[in-house]
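First comes the structure, then the notes that go with it.
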Amino acid sequence: MFKVRITWPTAEQAYADAPSILDEIGWTARTLAALECFTALDREFYLRKAALLDRIALLDEPDTPGDVTETAVAAALYLIDTDRADVTGDPRDYVRRQYALSLTTDDQ
């Protein structure tokens, strides 16, 4: 039996071409403000939100991981659940890989 080794991008690699954190906060707020209550959100929203929270948590780490890190992990777990993915290890690695993949597929 062969094992496939998944290469996870580093945070720097995954977010190298990402919009600024402030731009992503604005995008998230505008997206939510434009919706009526109980509107279903698509995967892109949850991916970008999880990536945003991951990037914010990275600003606090490794010195003071706490609530921000827990929030980033919760958002990552929600995305994993949405994708019905089988992930072992750090759920934030999954977010980084999916974010990096989304940037490459959007460019094509």
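Using each residue's phi in segment 22-30, evaluate 6.51 cos²θ - 1.76 cosθ + 1.60 at θ = phi - 60° and report the 3J(HN,Hα) Karplus result to the nearest Hz, with x for Gly and Pro.
5, 4, 5, 4, x, 4, 4, 5, 5
Kindly provide log₁₀ I(q)/I(0) values, in the same order as q = 0.19 Å⁻¹, from the Debye equation applied to equal alpha-carbon scatterers of the chain.
Relative scattering, expressed as log10 I(q)/I(0), comes to -1.04.
What is the distance, in nm, between label points placed 7 Å from the Cα along the Cα-to-Cβ direction at residue 101 and at residue 36?
3.4 nm
What does a probe at residue 74 reach in segment 7-35, counting residues whose amide N is under 18 Å from the point 7 Å along Cα→Cβ?
Once the point is set 7 Å along Cα→Cβ of residue 74, 29 turn out to lie under 18 Å by backbone N, inside segment 7-35.
Cut-off 10 angstrom, C-alpha nodes, Gaussian network model of the chain. Which of 62, 19, 91 fluctuates the most?
So, out of 62, 19, 91, the one fluctuating most is 62.
Within the chain, what's the longest stretch lacking chymotrypsin sites (Phe, Trp or Tyr not before Pro) that sit in DSSP loops with no more than 16 other Cβ atoms inside 10 Å?
Numbers: sites that count: 2, 38.
The answer is 39-108.
Can you send over the solvent-accessible area of residue 21, 1.4 Å probe, protein chains only, in Å² to the nearest 10?
40 Å²
Per residue of segment 55-62, what does 6.51 cos²θ - 1.76 cosθ + 1.60 with θ = phi - 60° give for ³J(HN,Hα)? Whole Hz please, x for Gly and Pro, Karplus curve as stated.
Per residue, the Karplus-derived 3J(HN,Hα) values read 5, 5, 4, 4, 5, 8, 9, x Hz.
The values are calculated or read from the model by the stated rules, or taken from the named source; none is laboratory data. None of these values were measured; they are calculated from a predicted model. A quick note on method: Cβ atoms are made from the backbone with ideal geometry, for glycine too, and the neighbour counts reach across all protein chains shown. The protein model used for the area step is the full one, side chains on, heavy atoms only, and it has no ligands, DNA or RNA in it. Shrake-Rupley method; radii C 1.70, N 1.55, O 1.52, S 1.80 Å.
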